[in-house]
Every structure is written in C-alpha cells, then in structure tokens.
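Take a look at the structure set out below.
Every number here is computed from the coordinates shown, using simple stated rules; none is lab data. All values reported here derive from a predicted model rather than from experimental measurement. Cβ placement follows ideal geometry from the backbone for every residue including glycine, while neighbour counts extend to all protein chains displayed.
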Amino acid sequence: MQITDRKRVFTGHYKIDELAVRAPNGQEFTREQFIFGNAVAALVFDTARQLYVLTRQFRYGPEREVLEIAAGMIDHDDTPDATVRREIHEELGYEVDALTHIATVYSTPGASTETIAIYYAEVSRQTGPGGGMAGENEHIDIITLDWDALTAELFQDAKTLVAVQWARLRR
C-alpha cells in the first residue's frame with residue numbers, strides 16, 4: 001500500500017486526515033486516519049496495602065463509565081516514563097517507587113495513529129488526592145482491588161486487559 005496524498009479534513013479535540021491510497025494492484029481509494037497523539041497507561045500496585053489501584057471514569061467512546069488502569073496522553077515535550085508518573089499522581093495521588101515497561105501497542109491500527117505505552121507501577125505512598133485534573137474536566141473515582149477481584153473482573157478496556165494478563169503470567 002502506498003499513501004499518495006494526505007489532507008487534514010477535521011481539527012478539533014482530535015484530528016482526522018483523509019489519505020489517498022494506492023494498492024499494489026493499482027486500485028486507488030481513500031481512508032480516514034484519526035490523529036490522537038500517543039498515550040501511556042499503568043497497572044498500579046500499592047505494595048503497602050497489597051492492592052491494585054485503578055480508575056473509574058466516564059469515557060466518551062462507549063458513553064459510560066469504564067473501570068481501567070490509569071492513563072493519559074503524552075505531551076509533545078515529555079517522555080512516556082515522565083508522563084506515566086505524572087498521570088499516576090494526577091489520577092491516583094501516588095508517587096511511583098518502581099516502573100516496568102510492559103509493551104507499547106497500537107490502540108486501533110486500522111484507523112488511528114495512537115500508541116499506548118503500558119507499564120506496571122509499584123507505589124507505596126499516596127501524597128495527593130488523585131481524582132484527575134479539574135481543568136481537564138476529569139472526574140475520576142479511585143478503585144482498589146485485591147488480586148482475586150482484579151483477576152475476576154470482566155474488563156472491557158484493551159490496555160487494562162493487556163496489563164492484567166501480563167500480571168497473571170508473572171504471578
């Protein structure tokens with residue numbers, strides 16, 4: 001496949017490009033590409049309380065609250081490691097003691113440019129309230145689960161499933 005042209009057709013909270021594509025057989029067609037930026041996420045484990053710390057917040061895609069691991073967008077001048085530490089503090093109120101990179105994945109490779117760097121983070125001290133940033137219209141509930149509850153939960157969020165499966169394979 002060859003991208004022969006690109007036009008920005010929408011600029012809002014997200015951006016959409018229209019791509020002109022030529023297939024190996026010469027067929028030409030268009031596809032939309034969603035430009036989201038890149039994100040980070042972390043399965044957070046409180047070593048002092050022996051509990052996993054997750055978030056529950058309203059998500060616009062499914063139009064409902066979703067139970068998931070802490071996550072956020074990487075700012076242009078930030079690193080994934082710095083971003084995940086900041087997001088854990090903003091959303092959960094914790095300082096990170098140890099951070100392990102699990103994987104970097106495409107969220108929706110058929111249409112989106114977004115990658116998500118997924119981490120496992122160990123924490124032991126909560127130094128802030130968490131709950132998200134009011135200026136970013138975040139309203140996040142902090143949810144704690146023990147191992148049995150974490151592995152019994154029927155998560156519908158892909159990044160959370162990846163992180164929990166990673167934890168299962170290492171236990």
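Summary of values
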| quantity | calculated |
| --- | --- |
| Hz values of 3J(HN,Hα) by residue in the stretch 41-47 - Karplus curve (6.51, -1.76, 1.60), Gly and Pro given as x | 7, 8, 7, 9, 10, 7, 5 |
| Exposure proxy order (Cβ contacts within 10 Å, fewest to most) of Arg6, Arg56 | Arg6, Arg56 |
